[in-house]
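What follows is a set of notes on a single structure, which appears directly below.
The values are calculated or read from the model by the stated rules, or taken from the named source; none is laboratory data. On a predicted model such as this, the values are computed, not experimentally measured, just so you know. Cβ placement follows ideal geometry from the backbone for every residue including glycine, while neighbour counts extend to all protein chains displayed.
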Amino acid sequence: MSKKKLCPRSRSIHGPSSSKAWEFSHHLVPPMTASTTFRLKSLKRGAQGFSSFANLDAQGDEPIWIYDRLDEPTTLMLEEQLAVMESGECAVAFSTGMGAISATLMSLLGAGQKVVAHRTLYGCTDSLLTNWLPRYNIASSLINLNSDAELDRELADPDTGVVYFESLSNPMLELIDIERVARKVRQAGAKRRKPIYIVVDNTFATPWAMRPLEWGADFTIQSLTKNISGFGTEMGGAVITRRQHEPLLKLARKDFGAIIHPSSAWHILVFGISTQSMRFEQQQRTAQKIASFLEKHPKVQGVTYPGLKSHPQHKLARRLLRSPEGEFCPGTMISFRLKGGPKKCEKFVDDLAKNSYTITLAVSLGLVKTLIEVPGFMTHSGVPAERRDESQIDPSLIRLSVGIENNKDLLSDLEAALKKI
Ligand SMILES: Cc1ncc(COP(=O)(O)O)c(C=O)c1O
């Protein structure tokens, strides 16, 4: 059957009809592999395995498995599925989202170059850019990518090698008009020898709500730990891109070593990918209800959710956040502030942590369980205060990751905690 006609929803349940990694016709569920090293029939085959690894010109009909840190059957099956979901030609999986982000940036940039990023980023990505890359003489410039003037200025700098942002920023839920950025980057790139790459962390949106490669990005990154794995049991990361970039990423993974464990790859493939669209849609329906409830509540100062008309980029959200089936997908994440500042925020969150049945105080996101956190004190506490202020990640901003619980139970837990402040 032609795979082109199938929606990713069906592809994610049935997988590819054939794979170089496994004989699908004999298995309803792909087997879980667990061998760090592989038996080789001859020295010639061993040598062939090494010379064909990460070499697009030397790929045979069947992969030669050598050692888990190079390539591995379950991981390859996961990668084939992720590529379909993100509209890419290939995917390379990593042990975590940060493993994927660091390997991508270290592969694309060299000493003397610069990464230009949106000013609001996940805390550890911010730290990678501002604390670690400068040690290797790779500079970072954090700007407002939605400002033409700021982007044009950075693109005029011949050292700029990567433009980096999150499709829905953590935790402010800002969007970047990828099409506009891609057009400007192509114009700037045409005038120089070294390319400028667009790298988009698509973790918050997930491929069900956005496929940045379709809008002109060169690399999409996922923390598989979040919505794609979905149950809070696995860590993983992935980079999805065009085939020509696969060798470099695989070489980086081999040498930096952030490989995903085959057991995690299997769980994400079998349980996570097949249920992602369904979980996401359920979470999103509830998120819309919670966002509307919070927006109307007298003790709430403001709510940010792309599905609300009050979101400052609601029009852009309606254009970019679309499922592969064309539905508007505002996502599963909400940010909000209470009236009364940080003291009220702490009281509210502590009350939920103590008394709520359905809402858990914990980091991470995209899981079947609803999680609440305060980025200024937790996930983004490492970002210097003045930059946190600039991005409005103040100590009273609350981030909610909506799970699949019954929305009435979630609303009643929120209402009970709001009553007490
Ligand atoms: C937007 C975003 N990107 C990347 C990561 C890092 O993912 P991981 O924890 O799998 O390394 C996170 C973690 O919270 C995140 O929120």
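Before moving on, here are some points about what is shown:
- Scope the range 62-78; condition in contact with a strand residue (DSSP E or B) (Cβ under 8 Å, 6 or more places away or on another chain) and surrounded by fewer than 24 Cβ atoms within 10 Å (Cβ to Cβ); matching residues: Ile66, Tyr67, Asp68
- The range 34-54 - residue that is within 17 Å of Lys254 (Cβ to Cβ) and loosely packed, with under 12 Cβ neighbours inside 10 Å and, of those, farthest from the chain's Cα centre (by Cα): Ser51
- The number of residues in the range 332-367 that are assigned to a loop (DSSP other than H, G, I, E, B) and away from the ligand (no atom under 16 Å from the Cβ) comes to 5.
- Count of residues meeting criterion [touching a residue at least 24 places away in the same chain (Cβ under 8 Å) and surrounded by fewer than 15 Cβ atoms within 10 Å (Cβ to Cβ)] in the range 348-364: 2
- Qualifying residue in the range 310-327 (condition: of a type outside the set (Lys, Arg), over 18 Å from Glu174 (Cβ atoms) and assigned to a strand (DSSP E or B)): no
- Residue among Gln244, Gln282, Gln222, Gln301 that is away from the ligand (no atom under 16 Å from the Cβ) and surrounded by 17 or more Cβ atoms within 10 Å (Cβ to Cβ): Gln282
- Residues of the range 334-384 satisfying the condition of being among the aromatic types (Phe, Trp, Tyr) and out of contact with any helix residue (DSSP H, G or I) (no Cβ under 6 Å at 6 or more places or on another chain): Tyr357, Phe377
- Flag for Ser381 being at pLDDT below 95, among the small types (Gly, Ala, Ser) and in a loop (DSSP other than H, G, I, E, B): yes
- The listed residues are Ser2, Ser95, Ser10, and the only one of them that is within 24 Å of Phe271 (Cα to Cα), among the polar types (S, T, N, Q) and modelled with pLDDT under 95 turns out to be Ser10.
- Close pairs (9 angstrom Cβ cut-off, 6 or more residues apart or separate chains): near the ligand (Cβ under 9 Å from one of its atoms) in the range 159-180, of a type in the set (Lys, Arg) anywhere: Ser169/Arg119; Asn170/Arg399; Pro171/Arg399
- Count of residues meeting criterion [among the β-branched types (Val, Ile, Thr) and within 24 Å of Gly307 (Cα to Cα)] in the range 194-220: 4
- Residues that are surrounded by 20 or more Cβ atoms within 10 Å (Cβ to Cβ) and over 19 Å from the mean Cα position of the chain (by Cα), drawn from the range 308-322: His311
- Cβ pairs under 9 Å, 6+ apart, first in the range 9-29 and of a type in the set (Ser, Thr, Tyr), second assigned to a helix (DSSP H, G or I) and loosely packed, with under 13 Cβ neighbours inside 10 Å: Ser17/Lys3; Ser17/Ser25; Ser18/Ser25
- Residues satisfying the stated conditions in the range 293-309, i.e. in contact with a strand residue (DSSP E or B) (Cβ under 6 Å, 6 or more places away or on another chain) and assigned to a helix (DSSP H, G or I): Leu294, Glu295
- Taking the range 95-114 as the range and being touching a strand residue (DSSP E or B) at 6+ places or on another chain (Cβ under 8 Å) and within 16 Å of the ligand (Cβ to nearest atom) as the test, the residues that pass are Ser95, Thr96, Gly97, Met98, Gly99, Ala100, Ile101, Ala103, Thr104, Leu105.
- Each residue in the range 393-421 was checked for being in a loop (DSSP other than H, G, I, E, B) and surrounded by 15 or more Cβ atoms within 10 Å (Cβ to Cβ), and 9 pass.
- Breaking point among (1) within 15 Å of the ligand (Cβ to nearest atom); (2) without any contact (Cβ under 8 Å) to a residue 12 or more places away in the chain; (3) among the polar types (S, T, N, Q), for Thr379: (2)
- When we screen Ser263, Ser274 for residues that are surrounded by fewer than 22 Cβ atoms within 10 Å (Cβ to Cβ), away from the ligand (no atom under 14 Å from the Cβ), at pLDDT 95 or above and under 18 Å from the mean Cα position of the chain (by Cα), the only hit is Ser274.
- Any hit, the range 259-274, residues being touching a helix residue (DSSP H, G or I) at 6+ places or on another chain (Cβ under 6 Å), in contact (Cβ under 8 Å) with a residue 24 or more places away in the chain, of a type outside the set (A, V, I, L, M, F, W, C) and within 24 Å of Glu86 (Cβ to Cβ): yes
- Yes/no for Thr74 being among the hydroxyl-bearing types (Ser, Thr, Tyr), in a helix (DSSP H, G or I) and assigned by TED's automatic domain parsing to the domain that holds Ile228: yes
- Counting only helices (runs of 4 or more DSSP H) that sit completely within the range 187-277, those holding 1 or more residues that are in contact with a Gly (Cβ under 6 Å, 6 or more places away or on another chain) correspond to 206-209, 262-267.
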